[in-house]
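Data block below; observations after.
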Amino acid sequence: MTALCPGPTASEFQDRADMNRARLLQQIQLMSATTVAQAGYQALRRGQAIAVPGTANKLLTLSLRLLPRPLVRVMVRYLQSAA
């Protein structure tokens with residue numbers, strides 16, 4: 001089993017969640033659902049427990065471990081708010 005943690009992915013989710021104006025979505029290039037699915041499948045075939053596709057997503061995951069929780073909450077709120 002592999003947990004796929006792709007981060008923001010190009011899909012209809014942003015439209016349905018009314019998130020198209022979120023700062024995060026305007027600052028990064030979203031990975032396609034096909035690319036994310038392929039990365040997840042490859043990780044599963046390699047026996048990885050966790051798959052985080054994309055360099056930016058990996059760096060973000062690492063930063064979450066290192067930064068104080070209050071700062072993470074402020075950052076997430078900012079990135080998910082409308083620009």
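All of the numbers you see were taken from the coordinates with simple rules; none came from a lab. All figures in this text were calculated on a predicted structure; none of them were measured in a lab. Cβ placement follows ideal geometry from the backbone for every residue including glycine, while neighbour counts extend to all protein chains displayed.
Taking 7 Å steps out from each Cα toward its Cβ at S11 and T55 produces label points 2.5 nm apart. Net length available on complete extension from R21 to L67 is 14.0 nm, with 0.36 nm assigned per residue and the Cα-Cα distance removed. Computing semi-axes √(5λ) of the Cα gyration tensor in Å for the structure here picks out one of (1) 24, 18, 9; (2) 20, 17, 9; (3) 18, 15, 12, namely (1). Against the chain, whose longest principal axis comes from its Cα atoms, helix 33-46 is set at around 40 degrees.
Helix 55-66 and the longest principal axis of the Cα set of the chain meet at an angle near 70°. Its relative contact order, with pairs defined as Cα atoms under 8 Å and 6+ residues apart, puts the chain at 47 percent.
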